[in-house]
Structure formats: C-alpha cells, structure tokens
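Single-structure report; data block below.
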Amino acid sequence: MSSVSTFAQIAIDQSSHYSNCSPEQALTYACEDLVDNELGSRNFSSSHLEDWMQHVCSREDLDMPQIIVRRSSPTVLASADIESHSICVRGKTTTAATVLHEIAHISVGVDSHGVLFRDELIRLARAHISIDYAALLHGVFSTAGLEMSSWAASASQR
C-alpha cells in the first residue's frame, strides 16, 4: 500500500476529472474513489441492500430512507434527497461505501460535501466498513487539504 501523501496527491490530480462539481466536492469524490479502489467495501445487490441499510439505520438511530433503484448511469452512482428522505441507487449492485456516502447526507441533513458531511462519513465508515478503511479515508481527506475533525472525533459516541 502506498503512503497517505501519495494517495492524497493522486486524489488531488484526479479531482479534475469530476466535472460539474465544486473543487471541494470533486476532491472529496476523488479521495473516496481512491480509498474504495485500494481497500474496497462490500457489494450489495439491490435485493439485499434494504436489509443492510435497515441494520445501519437502526444502529445509527436514523429513520430508514426510502430506497429507489434506477438504471445504471455512467456518471452517477447514487444520490440522496434530503427533502424526501430517500436514496436513489443506480444499477443492480452498489457498494457499502456508496450507500454510506448517501446515508451521511441524510444523517447530517446537508447536500454539500463539507467538513460536517466528511466527519459523518468517516464515522459511518468506521462503524460499518472498517477502522482501516475509515482511517485511510480520514488521512487522505486531511492530507489532500480537506478540513476534518480529529480522528478521535470519529469514534461513535452512541
């Protein structure tokens, strides 16, 4: 595995490939994609996704969002609609990382990809993927220049 600084530089370089995004959003996506490509996260078929999401939401004391499954898209893996409390997943399969990204939006109630969102994503990844995954993601976010709370703040307080 490469060093965190190497991953951060790759993410910075790759962030230009995310069109129609703010620089912060593009860098957030690039960091997430890089970590998921390196460490991976569980794949779910759309038929098994609801059970896992129910488990996550129950553990996090969140109301279960409505799940909408649509045809795959070359540019959008999933999306969250805060107002309708729903998550739209694109394609027949999705990853735990993608779903937790959308749950983080629902949990904090923001569409943006700022520090509040990233902190929640790290906390969710730590609880529902692995500590190693969350630690690498936190390190890449921080080293790439994205504002983050301390690693200790990502430990679940529930």
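No value in this document is a laboratory result; all are computed from the given coordinates. Here the structure is a predicted model, which is why all the values come from computation and not from measurement. Counting neighbours? That spans all protein chains shown, and the Cβs are built from the backbone with ideal geometry, glycine included.
Counting only DSSP beta bridges with both residues in the chain, what percent are antiparallel, rounded to the nearest 5? Of the beta bridges lying entirely in the chain, close to 60 percent run antiparallel. Computed from Cα atoms, the angle from the helix 115-128 axis to the main principal axis of the chain rounds to 70 degrees.
Which of the GluC sites (Glu not before Pro) found in segment 37-98 are loop residues per DSSP with 13 or fewer other Cβ atoms within 10 Å of their Cβ?
Answer by residue number: GLU83.
Fewest neighbouring Cβ atoms within 10 Å first, the residues PHE117, PHE141 line up as PHE117, PHE141. For the chain, adding -39500 (n - 2.57) for each run of n ≥ 4 DSSP H residues and dividing by the number of residues yields -17000 deg cm²/dmol at 222 nm. Going from the fewest other Cβ atoms within 10 Å to the most, the residues VAL99, VAL115, VAL4 appear in the order VAL115, VAL4, VAL99.
Think of each Lys and Arg Cβ as +1 and each Asp and Glu Cβ as -1; about the Cα centre, that makes the dipole of segment 39-158 roughly 420 debye. Taking the C-alpha atoms only, the angle from helix 96-108 to the longest principal axis of the chain is near 80 degrees.
Each residue of segment 29-39 was assigned a 3J(HN,Hα) from its phi angle through the Karplus curve 6.51 cos²θ - 1.76 cosθ + 1.60 (θ = phi - 60°); the sequence is 4, 4, 5, 4, 5, 5, 5, 5, 5, 6, 10 Hz, with glycine and proline shown as x. Working from label points 7 Å from Cα in the Cα-to-Cβ sense, the SER84 to SER16 distance is 3.7 nm. Exposure proxy ranking for TYR133, TYR29, based on other Cβ atoms within 10 angstrom of each Cβ and starting from the fewest, stands as TYR29, TYR133.
Compared with the direct C-alpha span, the chain from ASN37 to LEU62 gains 6.2 nm at full extension, assuming 0.36 nm per residue.
Tell me which trypsin sites (Lys or Arg not before Pro) from segment 44-117 have a DSSP coil assignment and no more than 13 other beta carbons within 10 Å of their own. Sparse-neighbourhood loop trypsin sites (Lys or Arg not before Pro): ARG71, LYS92. Positive end of the dipole of the chain, charges at C-beta (+1 Lys, Arg; -1 Asp, Glu), about the Cα centre: which of GLY109, SER154, ALA127 has its Cα farthest in that direction? Farthest along the dipole direction, towards plus: ALA127. Which entry is the computed semi-axes √(5λ) of the Cα gyration tensor in Å for this structure: (i) 23, 18, 15; (ii) 25, 17, 15; (iii) 28, 18, 13? The value computed from this structure is option (i).
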